[in-house]
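Trainee: Let me begin by handing over the structure; questions about it come next.
The values are calculated or read from the model by the stated rules, or taken from the named source; none is laboratory data. None of the values given here were measured: they were computed from a predicted structure. Glycine gets a Cβ as well: all are built from the backbone with ideal geometry, and neighbour counts include every protein chain shown. Accessible surface is based on the protein model in full, side chains and every heavy atom, while ligands, DNA and RNA are left aside. Shrake-Rupley method; radii C 1.70, N 1.55, O 1.52, S 1.80 Å.
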Amino acid sequence: MNISVIGTGYVGLVSGTCFAEMGHTVRCVDIDADKVTALQNGAIPIYEPGLEVFFDRGVREGRLTFTTELAGAVETTDVVFLALPTPPAEDGSADLQYVLGVADQIGRLLADNDWGYKVLVDKSTVPVGTARRVAEAVEAHGLTAGVDFDVVSNPEFLREGAAVDDFMKPERVVVGTSSASAGEIMRRLYAPFVRSGNPVIVMDEESAEMTKYAANALLATKITFMNEIANLCDRVGADVDQVRRGIGTDSRIGPKFLYAGIGFGGSCFPKDVQALHRTAREEGYDFQILDAVLRVNDAQKHVLVPHVLEALADGAGRLDGRRIALWGLAFKPHTDDVREAPAHVLIREFVRLGAEVVAFDPEAVETTQAAFAREPLVGPGSLTYAATVYEAAQDADALVVATEWPEFRRPDMERVRRSMVQPVVFDGRNVFEPAQMVASGFTYRSIGRPTPSAPVEHAAPFADRPALASSRTARTIPSREVG
Ligand SMILES: NC(=O)c1ccc[n+]([C@@H]2O[C@H](COP(=O)([O-])OP(=O)(O)OC[C@H]3O[C@@H](n4cnc5c(N)ncnc54)[C@H](O)[C@@H]3O)[C@@H](O)[C@H]2O)c1
């Protein structure tokens, strides 16, 4: 089948590449000419495990191409995916200007040309009623839904960091359409992805749109609930990890999304919860749980700050002259995406209070630099980047772990301890075992887990391990110069 994908971000590029891998011919369109040139030259602008192999094969075999020309792409394809941004507007609602703008352009193109029937697919996360609005934007040019085109809602459930796997083996594909012919085209398109028997669930457009928001809002609620349990565990002396195991084995609850930490971030959960909350308000419905999720999550991103201040601040509550190592910038492991990353909230706070933050992340330094160039840090402190976990920890007064990259579990912690001014660790992702950290001489605090006040018998200190290598070079950028 011939497909075009409009928008080559995390969703568009992964979708387009995976469709090409399955044998479809895919034309990817983006308004960002630099990005398109880079893609045409074989450079993938995002980090996503497994993407490169499929990308290279698709490009080499001519099934995957990139352009800035919308018209040519729509002309030559039967199915047009809209994988466009839907960022939060000022009032928290999803900003539909990109989706509706492209729908309008496509409507004009279809009206001016005799290109035959097209299926337009909303892959962006959009509020209920958007498929209808996209259809209206196209119909405004004199076209007729069902004859010249159909609009399908096909929300995407991939997770950054596992996007290729998720796309290639979806647990389910949701297709919202009232058109039999569009439904049949979507079934054929996805057939190779669901050979193992996972369902293509066809429903009406509105339910498909709501399904995406309901899924993200429920997952965000699950994480947030667990973070509140962790906060309470901290107060009553229970261990959230044991509680997690205790409840995660209940099949009604399930083991996933029960890990406590310093809050969720990313490009989806925060904005989608906000947008659903907004939709509810517009309908005169007070969706109270969502309001609580947003408030609790904002607070959770700061939950370590009072403890860092207690350990490091001067009498005025400031961190001037203090060096804080920060491991992890991405909002979660296996991605370079830093949108709404809790690490960034901590950096802003520490820099505002005068600290020198030395950060390490295996993938998210460039995206962090870009983010702070757009919205500069404010304060007397500074942010510099280290090439390795060890370099970040060197001469630090404390280490904060903000992302649970697997490699943060493996460093030679004895070396880390020796290199720090004082061996104080704030583990925002519960990466380390409290008893082992204490046995190894660290002052340690995590989320919702008690730390033994003295070494316990069964906990062995860290054994020496080989140093981790990293290809990145250190860069030093004082905060005032960032952006
Ligand atoms: N990122 C995720 O994990 C994820 C998962 C599921 C759903 N979604 C949803 O998918 C949508 C896209 O998300 P994303 O993370 O891929 O966004 P993104 O910001 O990474 O990418 C969007 C792309 O669209 C391009 N673009 C903007 N206007 C354009 C136009 N007029 N014509 C062509 N291209 C244009 C941008 O240049 C950018 O490359 C959003 O609605 C998001 O909520 C995202």
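Trainee: Sort through L189, L143 and tell me the only one that's in a helix (DSSP H, G or I), more than 14 Å from the ligand (Cβ to nearest atom) and of a type in the set (A, V, I, L, M, F, W, C). Let's see the steps before the verdict.
Mentor: On the way: L143 fails: in a helix (DSSP H, G or I).
From the options L189, L143, the qualifying one is L189.
Trainee: Which pairs do you get when a residue that is at negative phi and modelled with pLDDT of 95 or more, found in the range 283-307, comes within reach of a residue that is open to solvent by 70 Å² or more (accessible area, probe 1.4 Å) and not polar (S, T, N, Q), reach meaning Cβ atoms under 7 angstrom, with the pair 6+ apart or on two chains?
Mentor: V296/E228; H307/R445
Trainee: Restrict the check to the range 220-228 and report whether at least one residue is in the same structural domain as S124 (by TED's automatic domain parsing) and within 25 Å of the chain's Cα centre (by Cα). Lay out the reasoning, then the answer.
Mentor: Initially, the range 220-228 is screened for residues in the same structural domain as S124 (by TED's automatic domain parsing), giving none.
No, every residue in the range 220-228 fails to be in the same structural domain as S124 (by TED's automatic domain parsing) and within 25 Å of the chain's Cα centre (by Cα).
Trainee: Could you tell me how many of the residues in the range 77-92 are within 26 Å of T17 (Cα to Cα), part of a loop (DSSP other than H, G, I, E, B) and more than 10 Å from the ligand (Cβ to nearest atom)? Reasoning before the result, please.
Mentor: Of all residues in the range 77-92, those within 26 Å of T17 (Cα to Cα) come to 77-87.
Pick out the ones that are also part of a loop (DSSP other than H, G, I, E, B) and you get 77-78, 83-87.
After this cut, where a residue has to be more than 10 Å from the ligand (Cβ to nearest atom) as well, the list is 77-78.
Qualifying residue count, the range 77-92: 2.
Trainee: Right, next: Which numbered condition in (1) within 13 Å of the ligand (Cβ to nearest atom); (2) at pLDDT 95 or above; (3) over 27 Å from G183 (Cβ atoms) is the only one that L100 fails?
Mentor: So the condition that L100 fails would be (3).
Trainee: A further question on this structure: Going residue by residue through the range 252-265, is there one that turns out to be under 20 Å from A230 (Cα atoms), open to solvent by 50 Å² or more (accessible area, probe 1.4 Å) and within 16 Å of the ligand (Cβ to nearest atom)?
Mentor: First pass over the range 252-265, keeping only residues under 20 Å from A230 (Cα atoms): 253-265.
Subsequent filtering for residues that are open to solvent by 50 Å² or more (accessible area, probe 1.4 Å) retains 253, 255-257, 259.
With the extra rule that they be within 16 Å of the ligand (Cβ to nearest atom), the set shrinks to 257.
Among the residues of the range 252-265, at least one is under 20 Å from A230 (Cα atoms), open to solvent by 50 Å² or more (accessible area, probe 1.4 Å) and within 16 Å of the ligand (Cβ to nearest atom), which makes the answer yes.
Trainee: Take the range 3-54 and flag every residue that is away from the ligand (no atom under 14 Å from the Cβ) and either in the same structural domain as P333 (by TED's automatic domain parsing) or β-branched (V, I, T) (or both).
Mentor: Once the filter is applied, which keeps residues that are away from the ligand (no atom under 14 Å from the Cβ) and either in the same structural domain as P333 (by TED's automatic domain parsing) or β-branched (V, I, T) (or both), the range 3-54 yields I3, T25, V26, V53.
Trainee: Identify, from the list D114, D95, the residue that is within 13 Å of the ligand (Cβ to nearest atom), open to solvent by 30 Å² or more (accessible area, probe 1.4 Å) and in the same structural domain as F55 (by TED's automatic domain parsing). Give the steps one after another, and end with the answer.
Mentor: On the way: D114 fails: within 13 Å of the ligand (Cβ to nearest atom).
Just a single option satisfies the conditions, and that option is D95.
Trainee: Under the condition of being of a type outside the set (A, V, I, L, M) and surrounded by 19 or more Cβ atoms within 10 Å (Cβ to Cβ), which residue from the range 191-210 is nearest to T279 (Cα to Cα)?
Mentor: Looking at the filtered set, the residue picked out is E209.
Trainee: Hey, could you check the range 22-44 for residues that are open to solvent by less than 50 Å² (accessible area, probe 1.4 Å) and touching a Pro at 6+ places or on another chain (Cβ under 8 Å) and say which is farthest from L189 (Cα to Cα)?
Mentor: A38
Trainee: Can you go through D166, D104 and tell me which one is surrounded by fewer than 18 Cβ atoms within 10 Å (Cβ to Cβ), touching a Leu at 6+ places or on another chain (Cβ under 6 Å) and closer than 28 Å to T17 by Cβ?
Mentor: Matching residue, one of D166, D104: D166.
Trainee: Would you pick out the residues in the range 172-197 that are within 20 Å of S124 (Cβ to Cβ) and of a type outside the set (S, T, Y)?
Mentor: Pass one, the range 172-197, residues within 20 Å of S124 (Cβ to Cβ): 172-179, 182-183, 185-186, 189-190, 193.
Hits for the range 172-197 are R172, V173, V174, V175, G176, A182, G183, I185, M186, L189, F193.
Trainee: From the list F426, F408, F432, which one is open to solvent by less than 30 Å² (accessible area, probe 1.4 Å), farther than 18 Å from A341 by Cβ and assigned by TED's automatic domain parsing to the domain that holds A341?
Mentor: On the way: F426 fails: farther than 18 Å from A341 by Cβ; F408 fails: farther than 18 Å from A341 by Cβ.
Result: F432 is the single residue among F426, F408, F432 that is open to solvent by less than 30 Å² (accessible area, probe 1.4 Å), farther than 18 Å from A341 by Cβ and assigned by TED's automatic domain parsing to the domain that holds A341.
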